[in-house]
Amino acid sequence: MGPANAGPDPDAGNSGERGVSKGYFCLYEHDNFKGGHWCIGAGRDRGVDLRDESWAGTRRPVDNGASSMRNTTGCHVFLFDGPRKTRLIYHARPHSVDADLTGNGADNRASSLLMLC
């Protein structure tokens, strides 16, 4: 697991820190927020290469494996099909959920992300 794999509770809404965005952006391995999860805490703008990340508690790669997402942050999160933020495929608006990424063509395609807070 890389350093971005965060969040003791992927459903948690607040980090408790003052002066920063709160919450988590989480990807889930299966539809309806099931299977493995991978979360990143809000707080600052950052990019993440999902090829270097694993589902929490496993060695299974997150890369090209996300089927649903939950964004409890006030940040915009952009998913890309390709490393180093190439080919935008999805925009997760602040405080949004998507139980099935299939309908918008993003299912099992995300390889990197950009969080803008």
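Laboratory data are not the source of any read-out in this text; all were calculated from the coordinates shown. Source: prediction; values computed, not measured. Every residue, glycine among them, receives a Cβ derived from its backbone with ideal geometry; neighbour counts consider all protein chains shown.
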(request) Of all residues in segment 87-110, count the ones that are acidic (Asp, Glu) and crowded, with 18+ Cβ neighbours inside 10 Å. (result) 2
(message) Name the residue that is farthest from Ile89 (Cα to Cα), counting only residues in segment 26-66 that are surrounded by fewer than 16 Cβ atoms within 10 Å (Cβ to Cβ) and polar (S, T, N, Q).
(response) Thr58
(request) Search segment 59-75 for residues that are at positive phi and pair each with any residue that is of a type outside the set (Gly, Ala, Ser) and assigned to a loop (DSSP other than H, G, I, E, B) when their beta-carbon atoms are under 9 Å apart and the residues are at least 6 apart or on different chains. (result) Asn64/Asp81; Asn64/Asn108; Asn64/Arg109
(request) Please work out which residue is farthest from the chain's Cα centre (by Cα), limiting yourself to segment 59-75 and to residues that are charged (D, E, K, R) and assigned to a loop (DSSP other than H, G, I, E, B). (result) Arg59
(request) Output the residues belonging to segment 102-116 that are touching a residue at least 40 places away in the same chain (Cβ under 8 Å) and assigned to a helix (DSSP H, G or I). (result) Thr102
(message) Can you find a residue that is in contact with a Pro (Cβ under 8 Å, 6 or more places away or on another chain) and either part of a strand (DSSP E or B) or touching a residue at least 60 places away in the same chain (Cβ under 8 Å) (or both) anywhere in segment 76-99?
(response) yes
